[in-house]
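Data block below; observations after.
The values are calculated or read from the model by the stated rules, or taken from the named source; none is laboratory data. Only a predicted model underlies this, so the values are computations on that prediction, with no experimental measurement involved. Note that we place each Cβ from the backbone using ideal geometry, even for glycine, and neighbour counts take in every protein chain shown.
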Amino acid sequence: MSSRPIPRSLLPDTTTFLEDDVEVGGVSLVHLAERFGTPLFVYDEATLRQRARAAATAFSPGVAFASKSFLCGAIARLVVEEGLCVDVATGGEMDLVLRAGVEPSRIVVHGNNKLPDEIDQALAVGVHRFVVDNENEIDRLRERMDGTRSLDCLVRVTPGVEAHTHEFIKTGQEDSKFGFSLASGRARAAVETLREIPGVRVRGLHFHIGSQIFDVAGYDEALARVVELVVSTGVEELCVGGGLGVAYVEGESAMTIEEWGAGVRAAAARHGLPESVRLTAEPGRAIVAQAGVTLYRVGVVKDVPQRRYLAVDGGMSDNPRPVLYGSGYEAFDVTQPLAERPQAVRIVGRHCESGDVLVDEAWLPQSTGVGSLIATPVTGAYGYSMASNYNRVGRPAVVFVANGNARLVLRRESADDLVRLEVDSGGNSSLG
Ligand code: LLP
């Protein structure tokens, strides 16, 4: 519960609270909503660049941005400009990143079931790192490596560490669909097998223990287990994956990227990782989450004995995280950011499900109601990238703001976009 104004620390770095508006990147959120409509994702470029740069310098060269957290051409180019590589987990992500003009030598390819076409494409373009996940994939590589080309690999290891996070987003434990288990010796065997394939260069090892993690203990534990394999196989690189958590609501606090990097590097040194080994990472959320806010317009206020509902013009189609993980968010009224927030409401979307909740218990100014412009902060990660067209709702537009300017980087999905896959028009010429 909170009656205080929304903490500025949850908003993008350049945020300014005015009496009747909020500026991000020197741009009025009220004007953005008028110009581009709602729901609208707004990203602060300064925050994105600061986080990307911090990630690039917190570890050795070769840090990648986990593009699954938010991907479009503009973000792919931005993170590369700031010195990062881009981690892609599917052919779709790789295709977008290549179309955005990212050099293949900046691409890190992931996936626990890479499709034959995806492997072929990675080989054809010549990616920076190919993260090998399982034995079947090794077989597919063996079939393709004829001695005329080369591939720089990391071997994904499951270190057997339980990260303290939601079950669906923890990945380092033994009982996982990802990677080669360390304890069973399969990880070591994978390194040896790959080394026998002509053209395959095993550059290093990789682990990823989960997502939305708030301390270095899990990384410390994983490093304690993995360093020995790094040393005994003599590889030159170790990637600790992503996972750095962010504060979503008042009262939470997270490490900065700099603190995370320093903590992980110290743990690696303590566990005997030679200084010559490149220590890298691939954060997603920590780069994009806080840079983003979502703007919504309130359409309906409904009072029931238990509570007040505010229905907005978006919902689980633009932010499925509350439904999927029970994730908490805050909200504020854009036209009165400095006001007290005594009104408790449940913010819901417009989808045909009772579970379509965006903020279970939001605190808003007393006068917030129908027509108000409200915003949910920290929605830059895994919102747009997991957005859907449920109920035939188009995905929102995405705007980047910087130095007083706004640029549209993804336009709103139109009615035409939503029928573009229809093959059988059923005689109706407007459908197909
Ligand atoms: N590297 C690998 C191999 C990963 O699987 C992931 C995330 C990352 C890096 C980036 O993790 P991050 O730094 O963003 O925590 N949809 C969920 C999160 C799923 C994360 C999946 N893998 C959510 O909304 O919380």
Boolean, Glu221 is surrounded by fewer than 16 Cβ atoms within 10 Å (Cβ to Cβ), of a type in the set (D, E, K, R) and away from the ligand (no atom under 16 Å from the Cβ): no
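Go through Val88, Val80, Val102 for me and flag whichever is farther than 21 Å from Thr376 by Cβ, in the same structural domain as Phe130 (by TED's automatic domain parsing), out of contact with any Leu (no Cβ under 7 Å at 6 or more places or on another chain) and buried (at least 24 other Cβ atoms within 10 Å of the Cβ). I'd like the intermediate steps shown before the answer.
Values: Val80 fails: buried (at least 24 other Cβ atoms within 10 Å of the Cβ); Val102 fails: buried (at least 24 other Cβ atoms within 10 Å of the Cβ).
Exactly one of Val88, Val80, Val102 is farther than 21 Å from Thr376 by Cβ, in the same structural domain as Phe130 (by TED's automatic domain parsing), out of contact with any Leu (no Cβ under 7 Å at 6 or more places or on another chain) and buried (at least 24 other Cβ atoms within 10 Å of the Cβ), namely Val88.
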Can you name the number of the only condition in (1) out of contact with any Asp or Glu (no Cβ under 8 Å at 6 or more places or on another chain); (2) at pLDDT 95 or above; (3) farther than 18 Å from Leu238 by Cα; (4) within 14 Å of the ligand (Cβ to nearest atom) that His166 fails? (2)
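Please work out if Glu236 is under 15 Å from Pro274 (Cβ atoms), charged (D, E, K, R), away from the ligand (no atom under 13 Å from the Cβ) and out of contact with any Phe, Trp or Tyr (no Cβ under 8 Å at 6 or more places or on another chain). Full working, then the answer.
Working: under 15 Å from Pro274 (Cβ atoms): yes; charged (D, E, K, R): yes; away from the ligand (no atom under 13 Å from the Cβ): yes; out of contact with any Phe, Trp or Tyr (no Cβ under 8 Å at 6 or more places or on another chain): yes.
So Glu236 passes the test.
Please go through the stretch 1-30 and pick out each residue that is hydrophobic (A, V, I, L, M, F, W, C) and in contact with a helix residue (DSSP H, G or I) (Cβ under 6 Å, 6 or more places away or on another chain). Before you say what the answer is, go through the steps one by one.
Residues of the stretch 1-30 that are hydrophobic (A, V, I, L, M, F, W, C), as a first pass: 1, 6, 10-11, 17-18, 22, 24, 27, 29-30.
Val22 - this is the single residue of the stretch 1-30 that is hydrophobic (A, V, I, L, M, F, W, C) and in contact with a helix residue (DSSP H, G or I) (Cβ under 6 Å, 6 or more places away or on another chain).
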So which residues in the stretch 269-292 are surrounded by 17 or more Cβ atoms within 10 Å (Cβ to Cβ), over 11 Å from the mean Cα position of the chain (by Cα) and of a type in the set (A, V, I, L, M)? Leu273, Val277, Leu279, Ala281, Ala291
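Suppose the filter is surrounded by fewer than 20 Cβ atoms within 10 Å (Cβ to Cβ), of a type in the set (A, V, I, L, M, F, W, C) and either farther than 23 Å from Arg412 by Cα or away from the ligand (no atom under 16 Å from the Cβ) (or both); does Leu338 pass it?
Details: surrounded by fewer than 20 Cβ atoms within 10 Å (Cβ to Cβ): yes; of a type in the set (A, V, I, L, M, F, W, C): yes; either farther than 23 Å from Arg412 by Cα or away from the ligand (no atom under 16 Å from the Cβ) (or both): yes.
For Leu338, the condition - surrounded by fewer than 20 Cβ atoms within 10 Å (Cβ to Cβ), of a type in the set (A, V, I, L, M, F, W, C) and either farther than 23 Å from Arg412 by Cα or away from the ligand (no atom under 16 Å from the Cβ) (or both) - is met.
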